[in-house]
Structure formats: C-alpha cells, structure tokens
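A short worksheet on the structure shown next.
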Amino acid sequence: MPLRDSLNGYLRQSRKFFSIPEPMEGDPDVAILGIPYDITSSHTPGARFGPDAFRKATDSERSHSFPLNLYQKNHPRKESLTSLMTIEDIGDLEVGVQLPESVAVHISDAAKILSKSSSKLLFLGGDHFITYPLLKGLKRGNPGIYGLVYLDSHADFYDDMGGMTLSHASTLRRIIDEKIVNKSDIVGFDFRCITPDQREELGPDCCPSDLSAFREAIGKLSKKVSHVYISIDLDVLQPHIVPGVSHPESGGLTITEIVDIIDLCFGSGKVRYADIVEFNPMLDSSQVTEIAARDIVKAILTGFASYGK
C-alpha cells in the first residue's frame with residue numbers, strides 16, 4: 001500500500017508536490033510530510049501556510065524537478081529528481097489549532113509510524129517547534145544515536161517563552177533536556193541571536209564559530225551517530241533572500257553557502273531525516289522566499305538521491 005495509508009486518519013488533502021505521480025505501492029525512497037502548525041510562533045504567525053507554499057514553489061515538474069544547478073560541480077547528472085528516486089508526497093498532518101502539548105503527541109506518533117518505513121523523510125513546517133516532537137517520535141520508532149544539525153539564526157534555547165515551555169523558542173532546550181539528542185551530538189550554525197549564557201551552556205562544539213569549524217564538527221559527528229537529522233530554519237539565510245520568514249535577523253548565509261552545507265552534511269552518509277521550517281508566505285509578497293525555499297528543498301532531495309543509496 002502507499003506509505004500515506006499508514007497515516008490514515010492523520011492527514012488532510014493538500015496541493016501536489018513537484019507534480020509527482022500518485023503514490024506507489026510500498027515505501028518510496030523519500031517521503032514528504034507537511035506539518036502546518038504555528039501556534040507557538042512568538043512573532044508573526046503564518047508559517048502554518050508554509051507546506052502549501054513549498055508545494056506552490058515546486059509545482060512545475062518540467063521547470064523545477066532537476067537537481068539544483070549550484071550542485072552541478074559535485075553532482076553533474078542531468079536526470080530529474082523523480083527519475084533518480086521515488087518520491088511520495090504524503091500530504092499534510094491534520095493538526096488544527098491544538099495546544100502544543102496535544103499536538104506534540106500527535107506529531108510524535110505520526111513520526112514514529114513513518115520511521116518504521118525504509119523511506120528517507122522530509123518534513124515541511126510550520127514553525128520550528130515541530131522539530132522537537134518529530135525527533136522524539138522518530139527515535140521511538142527507529143532507535144539509535146541521533147545527531148542533529150540545527151541551522152538557524154536563533155538558538156531556540158530558552159526554557160520558556162511567555163510561560164510556554166513548548167514553543168519554537170525552546171526547541172533545542174527541550175531536545176537536550178529530554179535527552180532526545182545528546183548536546184555533544186548537536187551541531188548548530190549561524191546562531192546570530194543567542195545570549196552569552198546560552199552560548200556558554202551550549203559550548204563551542206555545538207556552536208562552531210565559522211564554516212571551517214562547522215566542517216570539522218560535522219566530520220566528528222558522523223563518526224559518533226547512527227542517524228543525522230538536518231533542521232533548517234529559513235531565517236538562517238540573509239533577510240533579503242528570504243523576506244517571508246516570521247522572525248528575520250540581520251546577517252546570515254547565502255544560498256550558495258547553505259547548499260554547500262547541505263551537501264557537506266549528506267556527504268557524511270548518515271542523513272536520514274530533514275525538515276525546513278518557518279516559511280511564512282503571508283510576508284512573501286514578492287515571492288522571493290519561494291525561490292530560496294524551492295532551491296533548499298531541491299538541495300535536500302539531491303542529497304537523498306546522491307548519497308541515499
């Protein structure tokens with residue numbers, strides 16, 4: 001049966017992703033699940049519309065199904081992504097307006113079910129809160145030592161935000177405190193909005209100071225863990241590249257830099273899961289963020305196609 005049938009009762013209908021065909025029988029090489037949830041957003045809501053916006057940005061197979069051009073120096077093949085591997089768009093998780101305590105259980109249970117398949121998994125948010133229950137559920141269903149690559153302009157390391165201990169501002173704190181991932185197995189990058197106390201507590205291994213230190217940290221991480229999960233908050237990029245994010249910060253990465261980072265992570269051979277979060281199309285009037293979002297999705301799918309066999 002199609003993989004989406006394993007989540008019967010969890011899903012709602014959504015726009016097609018990459019114009020890919022109807023679900024096939026059995027497990028696809030890569031499955032994609034949208035999680036349209038932003039109740040914990042502390043700034044400008046709208047990331048709940050992100051999954052459909054990702055799909056809108058990628059809905060032309062002829063135009064957008066080829067691996068990212070920037071990748072050609074490392075991956076010169078000209079085949080389309082859908083010819084390199086099977087991809088199933090599962091749809092969107094039905095999350096509604098549940099409180100985070102309830103929706104965390106719902107998301108975690110769905111992730112646990114999907115983790116029992118042989119598929120690599122890409123999740124589309126939604127705000128950054130979703131990474132916490134996703135990792136929790138994946139580890140329940142597919143035990144092992146997990147490594148986390150956390151690309152964000154914010155450390156998301158507050159104990160609470162406005163009294164909420166489950167929010168997009170406390171994701172990394174909950175993951176570490178609940179020992180879902182050991183602090184020593186987390187590599188964050190470009191935390192431009194982080195307090196001195198948070199930086200000291202996380203330590204230099206979790207917060208490498210530059211790309212050279214980041215590359216070294218990824219090399220060490222890949223030798224220690226069973227699976228690597230990449231979490232990308234779009235606000236890690238420069239604001240003019242992604243105006244459609246809820247909480248932009250000055251500075252940031254370029255598209256070329258994040259593509260190289262994604263390729264570096266996949267080169268470890270350990271990446272099985274990834275998410276992209278905080279795309280707020282309500283703030284993307286010029287559709288500029290769509291372009292960056294599409295290219296990051298394609299970079300991740302290219303990584304799965306190139307290193308996932």
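Quick note: the coordinates plus some simple rules give every number you see, no bench work behind them. Note that the structure is predicted; figures quoted are calculated from it, not measured. Every residue, glycine as well, gets a Cβ built from its backbone with ideal geometry; the counts of neighbours run over all protein chains shown.
With a 10 Å radius around each residue's Cβ, average the other Cβ atoms per peptide and rank 165-178, 270-283, highest first.
270-283, 165-178
Would you mind giving the average projected area, over all directions, of the Cα convex hull of the chain in nm² with one decimal?
Working: hull surface 55.9 nm².
If you wrap the Cα atoms of the chain in a convex hull and average its projections, you get 14.0 nm².
Given R₀ = 25 Å, FRET efficiency for S285-T254 by Cβ-Cβ distance, to 0.05?
0.70
Full extension from H43 to E200: what is 0.36 nm times the residue separation minus their Cα-Cα distance, to one decimal in nm? Before the final figure, lay out each step's value.
Values: separation 157, 0.36 × 157 = 56.52 nm, distance 2.57 nm.
Roughly 54.0 nm would be gained on extension.
With the radius of gyration and the Kirkwood radius both derived from the Cα set of region 149-244, what is their ratio Rg to Rh? Numbers along the way, then the final one.
Numbers: Rg = 13.3 Å, Rh = 13.9 Å.
The Rg/Rh ratio comes out at 0.96.
Determine ³J(HN,Hα), in whole Hz, for all residues of region 126-143 in sequence, where each value follows from phi through the Karplus function 6.51 cos²θ - 1.76 cosθ + 1.60 and θ = phi - 60°; x replaces Gly and Pro.
x, 7, 6, 4, 4, 4, 4, x, 4, 4, 4, x, 4, 5, 5, x, 9, x
Any of K120/K183; K183/K298; K116/K139; K56/K116; K270/K298; K223/K270 with alpha carbons more than 20 Å apart? Name them for me. Don't jump to the answer; show the numbers that get you there.
On the way: K120/K183 24 Å; K183/K298 29 Å; K116/K139 10 Å; K56/K116 29 Å; K270/K298 18 Å; K223/K270 9 Å.
With Cα atoms farther than 20 Å apart: K120/K183; K183/K298; K56/K116.
For a quick check, take a GNM of the chain with Cα springs below 10 Å and name the residue from G162, G244, G203 with the largest mean-square fluctuation.
For the chain, modelled as a Gaussian network with Cα springs under 10 Å, the answer is G162.
If Lys and Arg each add +1 and Asp and Glu each add -1, what is the summed charge of the other residues whose beta carbon sits under 13 Å from the beta carbon of S108?
Local charge sum for S108: +2.
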